[in-house]
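Below is one structure; the comments refer to it alone.
The values are calculated or read from the model by the stated rules, or taken from the named source; none is laboratory data. Note that the coordinates shown come from a computational prediction; the quantities given were computed from them, not determined experimentally. As a convention, Cβ positions derive from the backbone with ideal geometry for all residues, glycine included, and neighbour counts pool all protein chains shown. Protein only, heavy atoms only, side chains kept; ligands, DNA and RNA dropped before computing areas. Shrake-Rupley method; radii C 1.70, N 1.55, O 1.52, S 1.80 Å.
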Amino acid sequence: MAGLKRSKRRTLLMIGTRKGAFLFHGDPSRRTWRLNGPHLLGCIVHHLVLDPRDNHTMLMATRTGHLGPVIMRSTDRGRTWTEASLPPAFAKAPEGQRGRAVDHTFWLSPGLPSQPGLWWAGTSPHGLFRSQDGGVTWSGIEGFNRDLVARIGTIGQDTPDGAVTHSILVDPRDPAHLYVGLSGGGSFESLDGGASWRALNSGVAATFLPDKDPEIGHDPHIMALHPLKPDRLYQQNHCGIYRLDRPGDVWTRIGMNMPKTVGDIGFPLVLHPRDPDTLWVIPMDGTTVWPRTSPGGKPAVYRSRNAGKSWERQDAGLPMRDAWLTIKRQAFDDDGGEPLGLYFGTTSGEIWMSTDEGKRWRCLARHLPEIYTVQAASLG
Amino acid sequence: MRVFIASPLYSYTGGRGEVEGTGATVAEMLADLDRRFPGIRRRIVDEQDRVRPHMRIYVGTEAAPDLDQPVRPSQEVHILQSLSGGRRRSPEAACSA
């Protein structure tokens, strides 16, 4: 959501839930909002993304509890939807072998501005797919789906909802340079458009494995690359918050600088689009049995303005007590505005927003279904 | 043959819960349906030709074990959702909320 003048721009919030999609249209001041939806009521929406290259095309990764997964497309900013004719699907296995099937598409990433119509998709079980026609048809990346998946083996596959491929990041200087996060599996890099992959997990803890320093098997929850400084990566991992400055390949645990009573476990992470040193996380309780709720029932966003050397708590306007919120990895985003607007959705169906970079929060909506994804965009 | 369609698939059949189908096997019947209602097959059957875990296909009153199950023109086929509540597993468990 690159830096955009706020003055006359409107904000679009795209909310994907376990029971359908909702669109919130904000006026230029971001004070007044209009709800549009539900769209595809009853369908599970894992990701809902606007194409920043045309600001009209939207892709939705969805399924129902019973039916197989599909990709829905809109070319009119969510007014109407049509089904992709060939959604992500693995190659048919040879006779006698048990092939893999896509349970759901979990992640959608548009390609670079120089690649109109190109999209990437990550699935559960682990899979990487590409579309070159705006999401109508998809083809598998065999260097990932066959070769890397064979290296990963069964890691993460036994989690109740399966392993997920997420955080498909494209280096804005080189469309063949990709990063991807596998939960579980780890972080990986490709320099050849996905044909081959190398692990990028040095320095990242894996306390849930017997080998505490394995090459692969880690659990990045989300990973982000700064568009203005593409050699700067951040990740919120199952085992802390990390930063990596390339060409280095050893992650630094910047979450160690978080308050010990809060910890550095969580799912989402947002980068300031105009400042590579500023990022936000939303910590959760990752102790004992992993409640995955706000630590102590006191939700807060934490901001660092120095690339993780120190953190400040931002909770003004959020409940001060008895609020056991959970925020999923795709459910926190910025709108690119000036000042930056921040938005997160909870599994209990609330949307919280800030129009002053986290200083003050207010609740935009309650009583929505369980929120899986929140994406924000500024529109001309 | 008469093919009865589960309500989540009505968006493909124009709202109809009963359509005519042709084919000597379940696989041929599904291929016929997909020609006339594009996309319906993949919601029922995955890319490895396995019936999806929460879908059921009955030929007459017997559940079809696989897509090779023969179908006679006089038989009814039911494409149903299993009674599963729509949620196979808790969401994302160890690596999610």
Residue A:83 passes all but one of the listed conditions (1) among the acidic types (Asp, Glu); (2) open to solvent by 60 Å² or more (accessible area, probe 1.4 Å); (3) within 14 Å of chain B (Cβ to nearest Cβ); the exception is number (2)
Could you list all residues from region A:260-294 that are away from chain B (no Cβ under 12 Å), out of contact with any Lys or Arg (no Cβ under 9 Å at 6 or more places or on another chain) and of a type in the set (Val, Ile, Thr)?
-> A:261, A:270, A:287, A:288
Test each condition in (1) open to solvent by 10 Å² or more (accessible area, probe 1.4 Å); (2) touching a strand residue (DSSP E or B) at 6+ places or on another chain (Cβ under 9 Å); (3) within 14 Å of chain B (Cβ to nearest Cβ) for residue A:221 and report the one that comes out false.
-> (1)
Quick check, is residue A:296 open to solvent by 30 Å² or more (accessible area, probe 1.4 Å), on the phi > 0 side of the Ramachandran plot and modelled with pLDDT of 95 or more?
-> yes
What pairs come up if the first residue lies in region A:308-325 and is more than 12 Å from residue A:283 (Cα to Cα) and of a type in the set (S, T, N, Q), the second is part of a loop (DSSP other than H, G, I, E, B) and at pLDDT 95 or above, and their beta carbons are under 8 Å apart, counting only those six or more places apart or on different chains?
-> none
Does region A:57-73 contain any residue that is without any contact (Cβ under 8 Å) to a residue 60 or more places away in the chain and among the polar types (S, T, N, Q)?
-> yes
Kindly establish whether residue A:285 is more than 15 Å from residue A:241 (Cα to Cα) and open to solvent by 10 Å² or more (accessible area, probe 1.4 Å).
-> no
Can you pull out the residues in region A:26-78 that are assigned to a loop (DSSP other than H, G, I, E, B), of a type in the set (Val, Ile, Thr), within 23 Å of residue A:166 (Cβ to Cβ) and away from chain B (no Cβ under 14 Å)?
-> A:57
Which one is nearest to residue B:5 (Cα to Cα), of the residues in region B:31-59 that are of a type outside the set (A, V, I, L, M, F, W, C) and more than 11 Å from chain A (Cβ to nearest Cβ)?
-> B:58
Residue count, region A:86-113 (criterion: touching a strand residue (DSSP E or B) at 6+ places or on another chain (Cβ under 7 Å), in a loop (DSSP other than H, G, I, E, B) and surrounded by fewer than 24 Cβ atoms within 10 Å (Cβ to Cβ)) | 5
Scanning region A:33-54 residue by residue, those open to solvent by 50 Å² or more (accessible area, probe 1.4 Å) and among the aliphatic types (A, V, I, L, M) turn out to be A:35, A:41
Within region A:279-380, which strands (runs of 3 or more DSSP E) (wholly inside it) include 3 or more residues that are touching a strand residue (DSSP E or B) at 6+ places or on another chain (Cβ under 9 Å) and not aliphatic (A, V, I, L, M)?
-> A:301-304, A:312-314, A:332-334, A:342-345, A:371-379
For residues that are buried (at least 16 other Cβ atoms within 10 Å of the Cβ) and part of a loop (DSSP other than H, G, I, E, B), tally how many sit in region B:22-47.
-> 5
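Yes/no per residue for (1) crowded, with 22+ Cβ neighbours inside 10 Å; (2) at pLDDT below 95; (3) aliphatic (A, V, I, L, M):
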position: A:115; (1), (2), (3): no, no, no
position: A:123; (1), (2), (3): yes, no, no
position: A:136; (1), (2), (3): no, no, yes
position: A:139; (1), (2), (3): no, no, no
Of the residues in region B:1-21, those that are under 16 Å from residue B:32 (Cα atoms), open to solvent by less than 20 Å² (accessible area, probe 1.4 Å) and within 11 Å of chain A (Cβ to nearest Cβ) come to B:9
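For residue A:28, state whether it is modelled with pLDDT of 95 or more and in contact with a strand residue (DSSP E or B) (Cβ under 7 Å, 6 or more places away or on another chain).
Criteria not met by residue A:28.
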